[in-house]
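Peer 1: Below: one structure in structure tokens.
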Amino acid sequence: MAASLQRIGTVICRTFPVILQRNLQRQRIRDWKITLSAAPVLRVNFCSSSAESTDSAESTDSAETLSRYADRPWEYLESEEYIERYGSKPVWSNYRRNHKGGVPPQKTRKTCIRGDKICANACPICRDPNVIIHYKNVNLLQQFISPQTGMVYDPTRTGVCIKQQKLLNKAIDTARDHGLLSVQLPHVDYSKEDYSNTHGAVAPTPAPFSFSSGELWYSWYGGIKPDERELARVKRIYKDYLKPDV
């Protein structure tokens, strides 16, 4: 009996530290998980707040920029920002579209902006939000017109997408209608004989004269004799409408 009690006591003394150590480890693991679960929340909140602040700052800057040039887009071409970026060259001079192989595509893309997404390597107008097409923005429109011929450059030369090219053509036509852009008309040599009324084909109509019944207005009309077969065929077709000969 005493031996059995002694054995039970030794077993309890040996197992109690192990149980205590396991409980301590479990408690440490719980505390560690709690700290891990709380730490990302703080970090995310901090990052999100900083991101929100940066986004709000960028949005305010972009809003200020857009509001500055939206009503008067021609002022951007005279600003220091434009001169620093483009200099005295057109907006499309240093543009090159990315494409596979050495042969460029025969047509430009339909549009560079789809919804809120802008494609990579956008066209010269879509890549710069300050470049706004307007019929009063004459300095911008002149960059897309040939000074020798007065014709609008093809989009394959300037790299402008088809959507912006249509807006360019419309703005150029409107500016020409308002007299803001000059229109170069080709010189055509013509002969005065083509527009004169002295030759016989365009002779003036003679004045009416008094004539008796039976006379023809034109004297040469009486010498025309109709074909008998054709005359008989016409009479046969319209016999119900012709008056009988008296």
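Peer 1: Once fully extended, how much extra length lies between M151 and Q184, figured as 0.36 nm per residue of separation less the alpha-carbon to alpha-carbon distance?
Peer 2: My answer for the length gained is 11.0 nm.
Peer 1: Going by average Cβ density within 10 Å per residue, which order do the peptides 97-106, 149-158 take, highest to lowest?
Peer 2: 149-158, 97-106
Peer 1: Still on this structure, please answer the following. In straight Cα distance, which lysines are under 21 Å from K170, not counting same-chain residues fewer than 8 positions off?
Peer 2: K107, K110, K136
Since every read-out is calculated from the coordinates, none of them should be taken as a lab result. Just so it is clear, the model here is predicted, and its values are computed rather than measured. A quick note on method: Cβ atoms are made from the backbone with ideal geometry, for glycine too, and the neighbour counts reach across all protein chains shown.
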